[in-house]
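Reviewing the structure listed below.
Just so you know, all these numbers are worked out from the coordinates, no wet-lab data involved. Predicted model, so just to flag it, every value in this text is computed and none were measured. Cβ placement follows ideal geometry from the backbone for every residue including glycine, while neighbour counts extend to all protein chains displayed.
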Amino acid sequence: MNLSRLQEITQNYYDRFLEFNTPTEPDETFKWSIAKTFATRLDEALKAPNDRLIEELKALAKETGYFIDSSRMQPFYGMAKIAEKDAALTMTVRQLLAFLVQAHDADIPTKVERIHFFLEEMLKLHKMHFPHQYNYAMDLHAATSILLLYDPDHNYMYKPTTSRSFADALEYYDDWGSGSSLKLEAYFRFCDEVMEKLKDDATLEQIDRMRYYQLRYEPDQLHPDTNRHILLADLIHCTSAYNLCPAMADTQITARKRKEFKEKLVIKEQTVKQLDELRADVEALDSAYDTVVSLLSDTTAILHKKYGKGTVTRYETNPVRKNDKIYITLEDGKELKLGYQALTLKSVPFRLEDDEKNLLFDLNCALLRDEASIRAEYQRMADQIN
């Protein structure tokens, strides 16, 4: 994800805020206003008599404006028209809509399942009762927008063209598909990633304050949008509508680019796996070093290949391991001083008298012998990832 592009978008949104939040039109803040009462009104409508439900659905369709319906497509209004057909259809629409919004704070798999069920059933009703009114067809944009307005803190809006353009502007290569192959889980993950990147953006705090201090809204007039999911929907919309990212016109993530990205991702995942394995080896090096130092404690009896029996009198550690010193007093009283490198030779010049301890000593010295290559390979892998 291109973070400089994301910062450019939020900064341009802030700088041009009053341009698209005017007393007349455009006023993008209406999204926060309608979200303030949307859940309460819809809940009450779903419990109300049929005529009241139909009336409220039409009112909400009008008040949500282009956020759900448009001049070309009116899925929200179409839902009201289907419900208006007869009492049985009113009940069906009531049940489907209730089934959808009950998943407002559900886990992602449950939510996605309910969205698709709602969409499939509404499309069946549309095909049966308004087959020639293509503009009444329910779609994912409408379903996700209803959930966002119902519970902004737990939902994201999806709109095929603007959502994809926004992701392309951010040079986001992961693909959530389209049409029947759309993966909402992948799109929601994208939204989560954007919000994670924005969580410490001070510009958003300033934008929040502007709605009240510049536009003169009272706190009880707008949804608080604690998790800023309405704001994300507005950023997605305004980036295209008001050209908040001029470079977006030159940024299109093609199928070839996505393929190349996925190939690089596979390589990166393999590298991360190898790095984890090497990290275990690096940790084993430290453990091996500690074991060897412990085995060469004072009074440890050794057999030197050239000088015979002796006793370790001191192991002197150093912050730089290769500068460690091993002091050995030989049987004839002479003192022998060895460097750390002696422990990493293919054939260590001495062994421990105790056979069991010597086996452990040999195993750990063999690991330390490969320390330089293990650490170099670990660093090379880490550099590849970074």
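Dipole magnitude of the chain about its Cα centre, charges +1 at Lys/Arg Cβ and -1 at Asp/Glu Cβ only, in debye to the nearest 20? List each step's numbers first, then the result.
Numbers: 51 positive and 64 negative charges, 183 e Å.
Dipole about the Cα centre, nearest 20: 880 debye.
Roughly how tilted is helix 184-198, in degrees to the nearest 10 and between 0 and 90, from the longest Cα axis of the chain?
Result, in degrees: 70.
List the lysines whose Cα sits under 17 Å from the Cα of LYS306, skipping any in the same chain fewer than 8 residues away.
LYS334, LYS337, LYS346
Sorted by average packing, counted as other Cβ atoms within 10 angstrom per residue and highest first, what order do 226-234, 238-246 take?
Details: 226-234: 20.2, 238-246: 17.8.
Peptide ranking by packing, descending: 226-234, 238-246.
Quick one: among LEU343, LEU123, LEU97, which has the greatest mean-square fluctuation in a GNM of the chain with alpha-carbon springs under 10 angstrom?
The residue that fluctuates most here is LEU343.
Grab the other residues whose beta carbon is less than 12 angstrom from that of ASN364, score K and R as +1, D and E as -1, and report the net.
Net local charge, ASN364 excluded: -3.
How about the stretch 293-343: which GluC sites (Glu not before Pro) there are in a DSSP loop, with at most 16 other Cβ atoms within 10 Å of their Cβ? Don't skip to the answer; put the middle values down first.
Numbers: sites: GLU316, GLU331, GLU335; in loops: GLU331.
Loop-located and lightly packed - GLU331.
As a quick test, which of the pairs LYS47/LYS199; LYS325/LYS357; LYS124/LYS264 have an alpha carbon distance above 31 angstrom in this structure?
Values: LYS47/LYS199 38 Å; LYS325/LYS357 20 Å; LYS124/LYS264 42 Å.
Pairs exceeding the cut-off: LYS47/LYS199; LYS124/LYS264.
Using Cβ counts within 10 Å as a stand-in for footprinting exposure, how do HIS126, HIS132 rank, fewest first?
With the fewest neighbours first, HIS126, HIS132 line up as HIS132, HIS126.
If the only charges are +1 at each Lys and Arg Cβ and -1 at each Asp and Glu Cβ, what is the size of the charge dipole of the stretch 48-153 around the Cα centre, to the nearest 20 debye? Before the final figure, lay out each step's value.
Values: 11 positive and 15 negative charges, 82 e Å.
About 400 debye.
Go through LEU303, GLN379, LEU338 and say which Cα lies farthest out towards the positive end of the charge dipole of the stretch 268-385; charges sit on Cβ, +1 for Lys and Arg, -1 for Asp and Glu.
LEU338
Specify the angular offset, from 0 to 90 degrees and rounded to the nearest 10, of the alpha carbon long axis of helix 75-84 from the longest principal axis of the alpha carbons in the chain.
Between helix and principal axis, roughly 50 degrees.
Expressed as a rounded percentage, what relative contact order does the chain have, with Cα pairs under 8 Å and six or more residues apart?
15 percent.
What does the C-alpha gyration tensor say about the overall shape of the stretch 268-385? Classify as rounded when a/c is under 1.5, otherwise prolate if a/b is larger than b/c, or oblate.
Working: a/c = 3.07, a/b = 2.50, b/c = 1.23.
Prolate is the answer for the stretch 268-385, as a/c is 1.5 or above and a/b outweighs b/c.
How much net charge surrounds ASP69 when only other residues with a Cβ under 14 Å from its Cβ are counted (Lys, Arg +1; Asp, Glu -1)?
Working: positive: LYS31, LYS58, LYS62, ARG72, LYS81, LYS159; negative: GLU63, ASP139.
Within the 14 Å Cβ shell, the charges total +4.
Among PRO319, VAL292, GLN274, whose Cα lies farthest out toward the positive end of the dipole of the stretch 268-385, if unit charges sit on the beta carbon of Lys, Arg (+1) and Asp, Glu (-1)?
Toward the positive end, the furthest listed residue is PRO319.
Of the options THR64, ALA88, CYS191, report the single residue whose Cα projects farthest towards the positive end of the charge dipole of the chain (beta-carbon charges: Lys, Arg +1; Asp, Glu -1).
The residue sitting farthest along the positive end of the dipole is CYS191.
Determine the relative contact order of the stretch 268-385: mean sequence separation of Cα pairs under 8 Å and six or more apart, normalised by residue count, in whole percent. Please list the in-between numbers first.
Numbers: 160 pairs, mean separation 34.8, N = 118.
Over the stretch 268-385, the number comes to 29 percent.
Taking the structure as given and computing Rg/Rh (Cα atoms, Kirkwood Rh), which label from (i) 1.08; (ii) 1.28; (iii) 1.01 fits?
(ii)
If you line up the long axis of helix 229-241 against the longest principal axis of the chain, both from Cα atoms, how many degrees apart are they, to the nearest 10?
70 degrees
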